[in-house]
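Have a look at the structure below before the remarks.
No value in this document is a laboratory result; all are computed from the given coordinates. Since the structure is predicted, the reported quantities are computational estimates derived from the model, not experimental observations. Here the Cβ is made from the backbone with ideal geometry for all residues, glycine too, and neighbour counts use every protein chain on show.
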Amino acid sequence: MKLGEPLQLGGHRLRNRVVMPPMERNNGTPDGRVTDRYIDYLRARAAGGTALVFTEATYVRADGRGRVRQLGAAGDHIVPGLRALADAVHAEGALLGVELNHAGRVADPAVAGSQLYTEPCSGSW
Ligand SMILES: Cc1cc2nc3c(=O)[nH]c(=O)nc-3n(C[C@H](O)[C@H](O)[C@H](O)COP(=O)(O)O)c2cc1C
């Protein structure tokens with residue numbers, strides 16, 4: 001049984017072989033930014049001993065998002081939150097993976113077609 005043994009993955013060392021797969025949470029802001037709630041969620045999984053935790057499917061273009069409050073990786077306004085998320089996971093000794101995603105034909109036009117979600121927004125989430 002090697003589950004608890006470290007694993008070298010390219011240039012990265014996993015402390016064990018426990019990986020949390022991408023799971024939709026919809027805890028982003030309407031413009032795709034990371035929320036404190038989402039950071040707390042992934043930090044807790046890292047603190048629990050998981051070696052590698054993945055974000056939910058994270059859209060790479062505004063027209064490829066499939067869900068309201070989906071985490072995004074499209075736009076400079078999103079970068080600081082992703083940095084904070086990575087720092088939180090790293091502080092617990094785990095690595096962070098980001099699942100890059102374009103929803104393709106299942107992208108919801110009601111969401112993807114709206115300019116409302118392509119600009120940074122204010123407010124606390
Ligand atoms: C609530 C929920 C949300 C999920 N969201 C995603 C997702 O965002 N991206 C993805 O690739 N898979 C997603 N999945 C699939 C999981 O990553 C995983 O592949 C699936 O649960 C099967 O895992 P298993 O073979 O270890 O049981 C989701 C699964 C669940 C239960």
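From the Cα gyration tensor of the chain, with a ≥ b ≥ c the square roots of its eigenvalues, which class applies: rounded if a/c is under 1.5, or else prolate if a/b is larger than b/c, or else oblate?
prolate
Put a dot 7 Å past each Cα toward the Cβ at Asp40 and Leu100; how far apart are the dots in nm?
3.2 nm
For the range 48-53, what does the Karplus curve 6.51 cos²θ - 1.76 cosθ + 1.60, with θ = phi - 60°, yield as ³J(HN,Hα) per residue in whole Hz, taken in order and with x for Gly and Pro?
Computed from phi, the couplings for the range 48-53 are x, x, 4, 7, 9, 10 Hz.
Tabulate in residue order the Karplus-calculated ³J(HN,Hα) for the range 63-72, using 6.51 cos²θ - 1.76 cosθ + 1.60 with θ = phi - 60°, rounded to whole Hz; enter x for Gly and Pro.
Along the range 63-72, the couplings run 7, x, 7, x, 9, 5, 6, 6, 5, x Hz.
With angles folded into 0 to 90 degrees, how steeply does helix 36-47 sit against the dominant principal axis of the chain? Use alpha carbons for both and round to 10.
20 degrees
Spin-label point model (7 Å from Cα, Cβ direction): what's the Glu24 to Asp76 distance in nm?
So the label points at Glu24 and Asp76 sit 3.2 nm apart.
So for the range 18-116, averaging the separation of alpha carbon pairs under 8 Å that are six or more residues apart and normalising by length, what relative contact order in percent results?
That works out to 35 percent.
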